[in-house]
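To start, the structure itself, in structure tokens.
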Amino acid sequence: MSSHREWFVNYSPLASPQHVWLGDERYILAIGIGQITLHFDTPDSTKSALIQNVFHVPELNGNLLSVSNLTKRDYEVNFTHDECMITSPNGTLTVTAREEGNLF
């Protein structure tokens, strides 16, 4: 999920907005869906990944990536005390994220 409409490389408005439930039992609306290209800096280069089926949620404060959806697509997600590593179905380390402000 992302609030950044300008990040979408392909975008379709949802015919019927969908509820996104928040931790305090309120909801905000997803109004579109599409693809986002993310760019990751590595020690050797910059890598890109096309993320599919991303909901556009304008009221969201930041972005969310679903660990559940990744693992359902055979990605492996591992957390340590300060790092998150995502490995593709073929075993290639796709991305490593460092913790910042209690978030990865």
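Points worth noting:
- Most to least packed among 29-36, 17-24 [average Cβ atoms within 10 Å]: 29-36, 17-24
- The mean of 1/r over all pairs of different alpha-carbon atoms in the stretch 51-104, once inverted, gives a Kirkwood hydrodynamic radius of 12.4 Å.
- C-alpha center-to-center spacing [the stretch 59-92, the stretch 23-41] in angstrom: 15 Å
- Each label point was placed 7 Å from the Cα along the Cα-to-Cβ direction; for Val67 and Phe40 their separation is 1.6 nm.
- Rounded, prolate or oblate (a/c below 1.5 giving rounded, otherwise prolate when a/b exceeds b/c) for the stretch 1-62 by Cα gyration tensor: oblate
- Mean projected area of the convex hull spanned by the Cα atoms of the chain, taken over all viewing directions: 7.8 nm².
- The charge dipole of the stretch 22-104, taken about its Cα centre with unit charges on the Cβ of Lys, Arg, Asp and Glu (plus for the first two, minus for the last two), comes to roughly 340 debye.
- Residues Asn10 and Ser48, FRET efficiency given R0 of 25 Å [Cβ-Cβ distance, rounded to 0.05]: 0.95
Computed from the coordinates by the stated procedures, all read-outs in this text should not be read as laboratory data. Since the model is a prediction, treat every value here as computed from it, not as a measurement. Virtual Cβ from ideal backbone geometry, glycine too; neighbours counted across all protein chains shown.
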